[in-house]
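Values in this text are rule-based calculations from the coordinates and carry no lab data. Computed from a predicted model, the values in this text were never measured in an experiment. For neighbour counting, all protein chains shown are included, and Cβ atoms are generated from backbone atoms with ideal geometry for every residue, glycine included.
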Amino acid sequence: MPDSSAFNASDLIIGNGLKIHCFHKAGGELNLVLLHPSSGYGRMWEPAAGYLDRRFSVYAPDQRGHGDSGRPDGEYSAEELAKDLRAVVDKLGLKRIVVGGHSLGGRVALVFAAWYPEITAGLIMVAGPHLSNFYQTRDAVKNVYGNSYKTMVSPTAFASRADALAFVKEFRPQDSEFAWQHRVDHNMNHASDGKVTVKYDPVRVAEGLTHQLIDLKKYAAAVKCPTAFIRGTRSAEMTPEAALDVAKFWTSTEVDIYSVEARINLQLENPKDLATAITDFADKRLR
């Protein structure tokens, strides 16, 4: 059974007055910071956090432009968000962390680990890194810009919860029923008159999505801490062969590859087995 300990939320003010909304589950001395994907939110890590044992103190911020955090102007690159994360870590007084992330969060975690080795004990790439960040093919460019535009022009307001749910199901057809419901419940604002609005900024999310084409090989080569790829077994992109291929760019450390029964959003599709993979990695590399 998952730990029912509270996933508490608080607001942090970092550089230039930026508000970062951050969730926290108290635990032991192993500080695990988990970063959501584009159009995601910190609370999506709560189910997985519930399956982690008490040695883990879990932190899950809403990154800028997402959730209940601020939406300042900026480039919304992995580098910019990694600087935000460093400010959050310093504000929280954390001296050593394991940083993990999915998609956008994975890019940020990778840059963070490369830039700040003195405080990074481990790196976890949930669903594996995007291949487009290592191979900028014509098909990758078309796919990334297509998804970016689709996100930028997507609706942000709905007359009812039912309409919002219908949109999420159409926009994210590969997600599970639980994931659809969770997104509507926790990634949208619900007004007293029944109207619903998304919590993320679609323009900023679209801007961030274009960074899936930035070459990250130099950051991978700079990572010195233990690293894990946790891939979904039904992922069309991060196949076992692709994971092994991308892992070769981590030239300064060994990469452990784990497989979890899921497609893409492991944290909502199969949080229990995701937590097991994180625990196995901690047992093996983070003693």
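So what is the 222 nm mean residue ellipticity for the chain from helices alone, if each DSSP H run of at least 4 adds -39500 (n - 2.57) and you divide by all residues, rounding to the nearest 500 deg cm²/dmol? Each step should come with its number before you reach the end.
Details: 11 runs with 110 residues, N = 287.
Computed mean residue ellipticity for the chain: -11000 deg cm²/dmol.
So what's the projected area for the range 177-227, the Cα convex hull averaged over all directions, in nm²?
Working: hull surface 25.2 nm².
Seen from a random direction, the Cα hull of the range 177-227 projects 6.3 nm² on average.
With both partners inside the chain, how many of the DSSP beta bridges are antiparallel, as a percent to the nearest 5? Mind dumping the intermediate values first?
Numbers: 15 of 39 bridges.
Given both bridge residues lie in the chain, the antiparallel proportion sits at roughly 40 percent.
Given Cβ point charges of +1 (Lys, Arg) and -1 (Asp, Glu) and nothing else, what value in debye, to the nearest 20, does the dipole of the range 74-172 about its Cα centre take?
Roughly 200 debye for the range 74-172.
Of LYS218/LYS248; LYS224/LYS272; LYS83/LYS218; LYS142/LYS199, which sit over 20 Å apart, Cα to Cα? Working shown, then result.
Numbers: LYS218/LYS248 12 Å; LYS224/LYS272 28 Å; LYS83/LYS218 17 Å; LYS142/LYS199 27 Å.
Pairs exceeding 20 Å: LYS224/LYS272; LYS142/LYS199.
With no solvent and one equal point scatterer placed on each C-alpha of the range 179-287, evaluate the Debye formula and give log10 I(q)/I(0) for q = 0.14, 0.16, 0.22 Å⁻¹, two decimals.
Taking Cα atoms of the range 179-287 as identical point scatterers yields -0.78, -0.95, -1.24.
Please name whichever of GLY122, GLY67, THR137 sits farthest to the positive end of the charge dipole of the chain, dipole taken about the Cα centre and charges placed at Cβ: Lys and Arg +1, Asp and Glu -1.
Selected residue: GLY122.
Need the C-alpha centroid separation for the range 4-81 versus the range 97-113, integer Å.
Value for the Cα centre distance between the two parts: 12 Å.
How long are the three semi-axes of the equivalent ellipsoid of the range 57-136, in whole Å, if each is the root of 5 times an eigenvalue of the C-alpha gyration tensor, listed from largest down?
Details: eigenvalues 70, 58, 26 Å².
Square roots of five times the eigenvalues give 19, 17, 11 Å.
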